[in-house]
Amino acid sequence: MSEPNEPIIKTTELVKKFGSQTVLDGVNLQIMPGETMVVMGGSGCGKSTFLRHLIGSLTPTSGSVELFGENLANLDEDDLAATKQKFGILFQSGALFNSMTIADNVALPLHEHTNIDPNIIEIQVKIKLELVGLREHAQKFPSQISGGMKKRAGLARALSLDPKILFYDEPSAGLDPVTSAEIDQLMLDLTKKLGVTSVVVTHEMDSAFTIADRMCMLDKGKVLMVGTRDEFDQLRSCDAEAAAKLSETQQLIRQFLRGDPEGPITQRRIETSYAEDLLGAQAPRIVESPAVEPTRRS
């Protein structure tokens, strides 16, 4: 077990390859008990693969993932199952069972993993639903509630076993701005009330800067920067004159945080050869020239 002053989650030189493609390339990250860590980056940067390693659904090619001071790769099936009961996951879609009521969805982990009396489970379910503001909707089915309510129901289910860690996979995806802000506030309230450690994978910057204690940015499977929310905000808010003095990596981070249409990210895409991408081989660059040479000289 990890101590209060030791990381509750730790990855060391984490590498994941699928065939010849390296998706995670030496990721080092430590997450402390009780903090909210936001993991962000553009599409294809490796953040979803990183999350799948943290929850034990993928095995590293090399390196290690530790939860509660235990290397997940060293745990047998029973110990890994016991470790998984110490964390909850909120999936993008909520991942509710459509044939079950909201209450039954929340009760499911308690029925599967505990021997608690059904009457106690019923009370526990009401408590979890009250935490997310859904107690009055307990007997509805997922098809009868909104997208934001499905996210909250999924969160109630993630809380059912009183986890020490909550993992969030794009919690704001598909939600309107107001509902997204409500989910952000709910996450903050739960962290404060329950003292859980939260790991949030997102590319929604408004949400990230609302909920984060610290932030980690991935790019092409590598960690570009880990820092406090204020440290990232300093990059995001610096003006063009100050930005010109930043390193290329810092400029890339700044462009992502601001959503600017021009910068290192877009320049990198422009410089990538389409033919190389398409054929998987180095292709000759096309030299821009007039289609027809002028016959007259001015």
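The values are calculated or read from the model by the stated rules, or taken from the named source; none is laboratory data. Fair warning: this is a prediction, and the values are worked out from it, not measured in the lab. For neighbour counting, all protein chains shown are included, and Cβ atoms are generated from backbone atoms with ideal geometry for every residue, glycine included.
Points worth noting:
- Scanning the range 134-146 for residues that are surrounded by 14 or more Cβ atoms within 10 Å (Cβ to Cβ) and in contact (Cβ under 8 Å) with a residue 40 or more places away in the chain yields Phe141, Pro142, Ile145.
- Residue within the range 88-106 that is over 20 Å from Tyr168 (Cβ atoms), buried (at least 18 other Cβ atoms within 10 Å of the Cβ) and not hydroxyl-bearing (Ser, Thr, Tyr) present: yes
- Taking the range 11-53 as the range and being small (Gly, Ala, Ser), in contact with a helix residue (DSSP H, G or I) (Cβ under 7 Å, 6 or more places away or on another chain) and on the phi < 0 side of the Ramachandran plot as the test, only Gly42 passes.
- Residue in the range 92-126 that is farthest from the chain's Cα centre (by Cα), counting only those that are in a loop (DSSP other than H, G, I, E, B), within 22 Å of Leu186 (Cα to Cα) and small (Gly, Ala, Ser): Ala95
- Elements of the type helices (runs of 4 or more DSSP H) sitting completely within the range 213-275 and holding at least 1 residues that are modelled with pLDDT under 90 and not aliphatic (A, V, I, L, M): these cover 264-271.
- Every condition in (1) hydrophobic (A, V, I, L, M, F, W, C); (2) assigned to a strand (DSSP E or B); (3) more than 15 Å from the chain's Cα centre (by Cα); (4) buried (at least 17 other Cβ atoms within 10 Å of the Cβ) holds for Leu161 except the one numbered (2).
- Residue in the range 188-201 that is surrounded by the fewest Cβ atoms within 10 Å (Cβ to Cβ), counting only those that are at pLDDT below 90 and within 25 Å of Arg52 (Cβ to Cβ): Leu194
- Of the listed requirements (1) among the aliphatic types (A, V, I, L, M); (2) farther than 30 Å from Leu29 by Cβ; (3) touching a residue at least 24 places away in the same chain (Cβ under 8 Å), Leu224 misses just one: (2).
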